[in-house]
Structure formats: structure tokens, C-alpha cells
1. Enumerate the pairs (first residue in the range B:1-15 and outside the structural domain of B:Phe665 (by TED's automatic domain parsing); second residue anywhere and crowded, with 19+ Cβ neighbours inside 10 Å and of a type in the set (D, E, K, R)) with beta-carbon separation below 8 Å, excluding pairs fewer than 6 apart on the same chain, so at least 6 apart or on different chains.
2. Contact list please: Cβ distance under 6 Å, first residue in the range A:34-47 and in contact (Cβ under 8 Å) with a residue 60 or more places away in the chain, second residue surrounded by 13 or more Cβ atoms within 10 Å (Cβ to Cβ), pairs at least six apart or on different chains.
3. Quick one: count up the residues across the range B:336-365 that are assigned to a loop (DSSP other than H, G, I, E, B) and open to solvent by 10 Å² or more (accessible area, probe 1.4 Å).
4. Just give me the residues in the range A:117-145 being of a type in the set (Ser, Thr, Tyr) and within 13 Å of the ligand (Cβ to nearest atom), in sequence order.
5. Of B:Gly257, B:Gly253, which residue is under 13 Å from B:Val26 (Cβ atoms), part of a loop (DSSP other than H, G, I, E, B) and of a type outside the set (Asp, Glu)?
6. Quick one: A:Ile95 ticks every box in (1) assigned to a strand (DSSP E or B); (2) within 13 Å of the ligand (Cβ to nearest atom) except a single one, so which number is it?
7. Of A:Val194, A:Val183, which residue is without any contact (Cβ under 8 Å) to a residue 60 or more places away in the chain, more than 10 Å from the ligand (Cβ to nearest atom), part of a strand (DSSP E or B) and not polar (S, T, N, Q)?
8. Among the residues of the range A:204-225, is any away from chain B (no Cβ under 14 Å) and part of a strand (DSSP E or B)?
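The values are calculated or read from the model by the stated rules, or taken from the named source; none is laboratory data. Bear in mind the structure is a predicted one, so any value in this text is a computation, not a measurement. Backbone-built Cβ (ideal geometry, glycine too); neighbour counts: all protein chains shown. For the accessible areas, the whole protein counts, side chains as well, though only heavy atoms, and no ligand, DNA or RNA atoms are used. Shrake-Rupley method; radii C 1.70, N 1.55, O 1.52, S 1.80 Å.
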Amino acid sequence: MYSFTHHAASSVADAVKSVGEGKYLAGGHTLIPTMKQRLAQPGHLVDLNKVAELKGISDNGSVLTIKAMSRHAEVASSDVVKKAIPGLAALAGGIGDPQVRHRGTIGGSVANNDPVADYPAACLALGATIVTDRRRIKADDFFQGLFTTALEDNELITAFEFPHADKFAYAKFRNPASLYALVGVAVAKRGSDVRVAVTGAGSDGVFRWTDAEAKLASNFSASALDGLKASASGLNGDIHGSAEYRAHLIGVMAKRAAAAA
Amino acid sequence: MTATGIGAPVRRKEDFRFITGAGRYVDDINRPGQAYAYFLRSPHAHATINKIDTTEAMKSPGVVAIFTGADIEADKVGGLICGWAIFNKDGSPMRAGAHPALAIGKVRYVGDHVAVVIADTLAQARDAAEKIDVDYGVLSAAADVTTARKAGAPTIHDVAPDNQVYDWHLGDKAATDAAFAAAKHVTKLDIVNNRLVPNPMEPRAAVGEYDIGSDSLTLYTTSQNPHVARLVLSAFIGLAPENKFRVIAPDVGGGFGSKIFIYAEETVCVWAARKVRRAVKWTSDRTEAFLSDAHGRDHVTHAELATDANGKITAVRVSTKANMGAYLSTFASSVPTYLYAPLLSGQYNIPAIYAEVEAVYTNTAPVDAYRGAGRPEATYVIERLVEVAARELNVDPAEFRRRNFVTAFPHQTPVIMAYDAGDYDASLTKAQQMHDVAGFAARKAASASKGKLRGLGYSAYIEACGIAPSAAVGSLGAGVGLWESAEVRVNPIGTVEILTGSHSHGQGHETTFAQLVSGRLGIPIENVSIVHGDTDKVQMGMGTYGSRSGAVGMSAIVKALDKIEAKAKKVAAHVLEAAEGDIEFKNGKFTVKGTDKEADFGSIALQAYIAHKFNGQELEPGLKESAFWDPTNFTFPAGVHICELEIDPATGVVTIDRWTAVDDFGNVINPMIVEGQVHGGIAQGVGQALFEGAVYDSDGQLITASFMDYTMPRAQDLPSYNVGMTITACPSNPLGIKGCGEAGAIASPPAVINAITNALGHENITMPATPEKVWKAAQASAQKMAAE
Ligand SMILES: Cc1cc2nc3c(=O)[nH]c(=O)nc-3n(C[C@H](O)[C@H](O)[C@H](O)COP(=O)(O)OP(=O)(O)OC[C@H]3O[C@@H](n4cnc5c(N)ncnc54)[C@H](O)[C@@H]3O)c2cc1C
């Protein structure tokens, strides 16, 4: 790790004002390891952990709001989340291991847009709105490729708004080493609108599987996906799974998500 | 059996300190004025070093010194050694390339040591290392044995232009070929024994220190055998004479073999401490551990098994290519030879065996002993062969094994080993009962109704441990003897210190060794302390590996205790005013035959030291004895493991549902500790079978250099084990014990793979059997079945 300065922000305004060329520090579960490996060298860190405005989970009967600094374990165990969108609580409970879930935050995860992270699939399938210090961004516009998002320099995510769905579930096939998603599929149904979002597999990050959406829109059941194969082109291949295996798993996980939703 | 003697499940004495964080590991040791070492490592698998420019780096804040291989060479300090000479088929010696602690002229693997920076803080050392300018001439690399042996492959060491380290064989080739020619059936199998990274919980570390007043060195190091480290660093590398060199291996957090070896880092730390006149500390980070700890296994094998018309095995023929990595590590050469081929007879009566082994240099980290060392590789070969042969012959795999078991002892195999005692049928029968093999068909049907495939696999393993008779290993090329030493110091009021050359790094010696003494002397277990891991305290010893601490280390303690008892009886005879021949010792009491006179152990110890009751010229005061034990044979733990698992054919995910292990470890000192060793060993074996595998790309970059890519087994991946025992006492040591430290890791990989292939009806799959491989195999198998 190189040396850096540290500022514990007291508010959203303070954080945005003081970050400068530096970086926000949330749970630190991505940022700190990359700094320790000397792959990132921010000279200044603005710590979000003491910003009260960034904490809390609430629901107004149609929209679930999760503030950016909510830890995965908080989302997983929240009665509000379990009541509003139970599949989202389950997704959070399946992230990493207990240490990761008690440090990592939804804001950090989504800002980072790791192609193997879980939350991006939920954001995209549920049509979430990403609220920042300066604007509101639709999930459809937010994820722009590997570790790339619509966030501007210094833009701070403050909250996520998840509109309720009739059905939602996420099925994840873990990378056996890292426990991240080798393939994760989120399926959401809201009236006649069905969205299927795939994480882990795409070499360009999270994406929607429109073929499956069409099948499920006409018949929302696992069997509707029988015989449907995802294409392997544009998928990742590595020592944990070839593109072809990932394509196969997309089909299997989509069915499992549809069955569980 | 007493409450704390042999056979009692005594809780581990050492666990309080380990669990409460009161252990003292090398990284916990900080010496006054200590500086920190950071090793600049090669980013290339194979390159010449044209120039190293340290000018800018030397100006970096906090830098104390920067050294390269040239500095060590100028000090006339030698390179690292390989301590086991192997000879080629034609009798010529193996081709061992030089292994400088810091590279000279060339780097040979990613992680090879280019320079060391010593600075006031570790961060400063790292900062400075980034400013070292190395001019590399990148060469093409050979990252696997096949590439390295191809014509035109890059030469890694000039002494071995074609990268062949040796070309060795064992057994009677003519007899074996003849048996194959006459065979009714031949089973053939291509096997890869995957390369593993040891990953002990505590990474390696070293603190070197120089005392100017006594002109002596001290090295704190994460070692399984501190005396051997001192011997090598003194006598071969030439850092200081042994009397001016202290090596301390305090608490060590696991080793699995990887901490047997003498590495570059500790050599450099202790050498540099004298140069800079400050203590020098290095602690490996996890990435360095992946890159530079000696890896394990990595064999590519073609194996064949011949059977006659009665389904009896008549011969086994094996050809193995073993990856040695870029340099020969301390015991590397012995692992794919004498620790491997002599076990190819398994538990079976096999009249003819021939094995040839080619050891190959590659541009990868050195490969050496890892839990089981050679025996897991041999067991995997024979237990896969036997399983596949049984299936090909349409015989139940358990029956096929039974038909071929060795049943009479001693049994001389055609490959060196003389099995001394065992009852293989007893372990198999007991394992089948405990496992409820009879209920397998019903469980398989239940799985099938859920769309799952269920399989059952056996592994009937044998291993050779209690390593080892010195003269025997000497005749096979070992550079050292493999006896063990012990010293028993009885204090004046009867408490006892046992000084042992064995080293405990997780095995529980502080408990088991104390049990032996507590039971034998009839004293409370709290009154016995075990001292180990310090060359200034303990006389020469050989350390811990090869499941030798019980069979060899404790035997030395028994021998010393015999002497203690004999001496104490002499003292007791004076104290109790009786003839020495009339003194009996039992349950901690000396009695005089036929009288009610008695004295307890503590009072006799006191009398030995105050020496008032006997003539100090005729009987020496004091009560302290030492002994060396050199075994007369290897020991042969054996047993049967049964793995039963379920496969989800949609994803290829394997879930182990039951595991039964029945082991014959001879007599058992502490059944709870033994069971723990079995559990840990199985976890490691399951890790090898399903998850672990070090992967280098064709340029020699380690792809699996962190836990994000190298899969370790987790608790959730493992079932609750069913562990049982059968016992045949080992005849070659006084306690009748065989050793249990490696058995689980040796037994388990073939059990898993036999179970998977049983479930799939598919004859081969390579380890690690990842979900993708299993899924593909399941597809192929389903297609084959559909076609039939
Ligand atoms: C061993 C391990 C296993 C894991 N497994 C999984 C898994 O299975 N699934 C999964 O999805 N994730 C997994 N993760 C990732 C983890 O869940 C975290 O979500 C992730 O590390 C980022 O969150 P964080 O709070 O730690 O962010 P940090 O590491 O603190 O920050 C990450 C990045 O986001 C920026 N940032 C943080 N907060 C904000 C904000 N509010 N607005 C704008 N930018 C911000 C930071 O500046 C930084 O660039 C794993 C991590 C580890 C270490």
C-alpha cells in the first residue's frame, strides 16, 4: 500500500466536497485489497462509514429504498426487504462469506460494477433507480461495461430505489474459489413485463437475456425455458468455466430463478 | 489405560494458546533494531538478467542495503541444495542445476528471487524495490513437462540441456513385460496428478540476527525441522559453523511438507543480518506463498495393470513424468522416486512391477514433498487402475480388491517394501458395514428419482511412513539419516521436560508425547512439558514429516524413558534399602518385591539429585537420559476409505454425501487427535480431487496466484465423516504405532474420483473434477448410454 490521507466524511455534502482526486471508501472490500496489492494508489480516501444519511432501509408500499452504505448482511436480514422483495434479501445473503457481508455495501458493489457481482443483476432485472448526490439514473443506463458505470468523477451514490415486483428471484452458480457469481441470473415479473438479467458470464458485464424474457412473458414458468440456449458468444471463459459452460449455466440458473420466483 | 496415558482422548494442551491468540509464531518475534527484507521477484518465467541497476533504489528513504546474487557469491556463500541423490537408469547421477539464493545471470520462474531490499520498514523496502531497474532478456518458457521435453524446448539449466533431471526406474522390467505378454486382460489408464499449492494457514517467515559479541547467528524460521535447516545452512551453504548458529522454529502454523525445505528467503535473511549488523525480518504475503512455496504432486502418468484368467493381478507397469519446477528443492528428487514407486504394489499381491520415472525441469516454482509426498500419487495410480480393471472385468470393485489383497505377513513386494503387519480384509469389511454399502442401491434409486446421479468409490490405500531406517535410505541416496533423538530431563521434584527432535506444527505433540510420559512414569500430564524447535535447547534431531514423529520420535522417548527407569530403580534400591533386582516400578511407584516398602517417582527423583543416600562415585547423581532411535523398517498404515456422492447432471456439481474411513494406524496414542488428522487429511484429499489445482499459462505465469482463483475446500464442501479403526500393532517399534498424519490425504483422492466415475459410468476424469469437467463427462456419458 502506498501512503494516503484519510478523511471521515460527516455528510454527503462533505464527502462530495472533500473527495477531490481521491476515492470514496465504503466497505473497502474491493478498494483496500487493490491498494494493498499496489494496483490502485489513491492519494486521498473519503470514508463514508460515518455518514448517517447513507444508512437505512425503508419502504413506501411500492418502492423499496436502500441507502448506499447498507451492508449486505443488513439487506439480507432486513424485515423490510424480506417483506418487500424477498429475493433481494436472499441475493444479499448469498454474497461472499460472512466477513464480506458484514463489510461490503450495496453502494460500493454497484459503483464498482464488477462483472461477477450479484447486485447489478438485481438492479437491472428490477429496473432500479440509482440515486446520487446530483441526479437519478435508471439501471438501464447505469451499467456500461466492465467496471464502468454512468457515474461522473466524484459522483456519489446515495441510495437505490427498487420498485416492487410481482415475482423476483435470483439464482447463482458460485465460482468455487472466489464465491462470486460464475453465472447469476435474476428474473423479475411486473405485470406483463418480464426482465431477465445475467451477471458473471458476460465479458462486458451484466446484460439482459431478451430471448428468455420473451418466453417467460408468455408463460412465466421454468418449463417455458426448456430447450432455450443462451449464446456463448460474448461470454467469459477462464479456468473456472468455458464460455460454453457459462452459456449452459445461464439456462439452468434462469430456470431455477423462474421456479423460485 | 490411565486417564492421561496412551489411548486416552486427552484434549490438546496446546490449544488454549492457539485458540486464544497466545501462540508465538515467527512473525510475532521482533528483535531490537530489526529491519525488513523485501524480495524483488521475477515477473518472467524465464529470462536472462543482463543488468541490475540499484542506484535510484538505494536513494529511496529508509533503505539499509540492497543485495543481489553477486553479493552472496562474493561472500563465498553456497547455493541451496537438494539432499537426495538419484541415479539414472544407466547409473549416472541426476543433473542438478545450481540454485543460488538470489538469481545469478538468469531467472527461471515467476517469483524467482532477483534482489533483496533491506529497509527500516517493509513499505520502504517495497517502495525501493519498485525503483530497481532490471534489464531482462526474456526467453521462451516451458511451463509443463510435455513442453519442456519437446525437441527445441528452451534449456532451463545448462547441466540438463533437454531439461531431463533424471531418468530413473525401479522393478524388474523383463519379468513385468513377460507378465503383460501373458495377461488375459490389460487395463490402461492415463493419469494426471494435479499440481497443488500447500497453503498452510501461516505463511513462511524468517528473522535473522547476528550477535557481534559471540560472532554467532540466530535464525527464527517457520521450519518443520530446525536442526536440518541449521545443518544445511552451516555445512552446505556455509553461513556459520553449527556451534555459532542457532535455529529456532517456534509455533508453526501448519506446514504440510512445505516447511521442511531450506528456502532462499531464510538463507538471505540470516546472511544479510551479519552484513547489515541488524536483525532482518521477512514475512511472506499470500501471493508470495503461492509463487514461491514449494508446490506438490504434478505427475503425468501412463499406467497399466495385467490380470490373469482368475482376475488376479499379475503385473503393473507405470511410466511417469514428474515436474520438478525450475530448481531441485531440498528433497524434491526423492518424492517421485523412492517415496512413490515402492508404494505401487498397494495392498495387493502383485508379482511383477516396473516403474520408470522421468523428472523434468520446467519454468515453474520448485515442486517437493506435500502431505503424503509420492504416496498419494502412487495410491492414486493403483487405486484408479484397480477400480477400472474391476469394472472392465465386471467384478465388484471391493471383491476384486479382496481377491488380490496381501494376506500373509511379512510380505515382500517386488518394489523394495517389506510389509510387516496388516489385515486389509478387516478394514474393508468394517468400512463396508459402517458405510452401509448394502443400502447403496436404494440410495442411488432415491437420487435418481430426484434427477441426481449417485456414485460410490473405494480406496484401499497403503503408505510407508515412520520415515525411516537410516542405512536403508542412505543406500537409496538420502544425504542424511532419518533416526530421531529424545532427552528426558527429570527435575528434582519429579516434573519432566521432554526434549525432542520432532517438531510440532499442528500435530499435537505437546499432548501425545506428554501422554506417553504421564502413563509411563505415573505422573500428572501437567507435570510433563515438551520442548522442541530450538537447536540451542535440543540436541540434534531430524524433524517432522512423513508421519514419523510418533513411530520414530516417540520411540526415541521410550528408549530414553527405559534408561530413566533403570537409573531411577538404582536410586530407589538405595533409598528403599533393597537389592536393585527387587525393585519394581508401576503406576508411578517404586516398590520392593514382597514388602510394603514404596516410594513415589517424585521422591526418587529428589533423592537422585540430593544424592545423600548413595555414593556419587558409584552412581552418578541426577536423573536425565537421552536416546537416539533408528527404525528398523518403515511403518505401513493402511485402510479403506469409501466416498459416496451425488452429482447434479445439470451443472456438474458434486456433493459428497457420506464418507467412511477405516484406518489401521497400529496402536493409537490419542484417538481424538488421530481422528482430527484423518479429518484434515480427507479435507486436503477432497481438495485435490474436486477443487485445487495450480495452473500456469504457457508463458509460465501462475494463473492461480490467490484464493480468488485457487479453490480451497471449505467446511460446506465436506460431509460429516464416519471414522473407524482396525488395529494390527506395528512390530518394528516399541509402541506398535504406524503413523496417521498423511493417510487421509493419501487415501481420499481416488475414492472421490472412483465415486464420480461410478456415478457417471464413465471411466476417466482428471483432477480437480470441477463442475465443468463433471458436466461434460455427464453429457458424454448420457450420449454413450443413449447410443447403446
Ligand atoms: C472474498 C470476497 C468475496 C466476495 N464475494 C462477492 C460475491 O459473491 N458477490 C458480490 O457481488 N460481491 C462480492 N464481493 C464484493 C463485496 O461484496 C463488495 O460489495 C465490494 O467489495 C464493494 O463494496 P465495498 O462496500 O466493499 O466498496 P469499496 O471497496 O469500499 O469501494 C469499491 C469502489 O466503489 C467506490 N464507492 C464505494 N461506495 C461508493 C458510493 N456510495 N458512491 C460512489 N462510489 C462508491 C469506491 O470508491 C471504490 O472505487 C466479494 C468481496 C470479497 C473480498
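1. B:Gly5/B:Arg520; B:Arg12/B:Glu510; B:Lys13/B:Glu510; B:Glu14/B:Glu510
2. Between residues of the range A:34-47 that are in contact (Cβ under 8 Å) with a residue 60 or more places away in the chain and residues that are surrounded by 13 or more Cβ atoms within 10 Å (Cβ to Cβ), there is no close pair.
3. Within the range B:336-365, residues that are assigned to a loop (DSSP other than H, G, I, E, B) and open to solvent by 10 Å² or more (accessible area, probe 1.4 Å) number 4.
4. The answer is A:Tyr119, A:Thr132.
5. The conditions single out B:Gly253.
6. (1)
7. Step by step, each of A:Val194, A:Val183 is checked, and only A:Val194 is without any contact (Cβ under 8 Å) to a residue 60 or more places away in the chain, more than 10 Å from the ligand (Cβ to nearest atom), part of a strand (DSSP E or B) and not polar (S, T, N, Q).
8. yes
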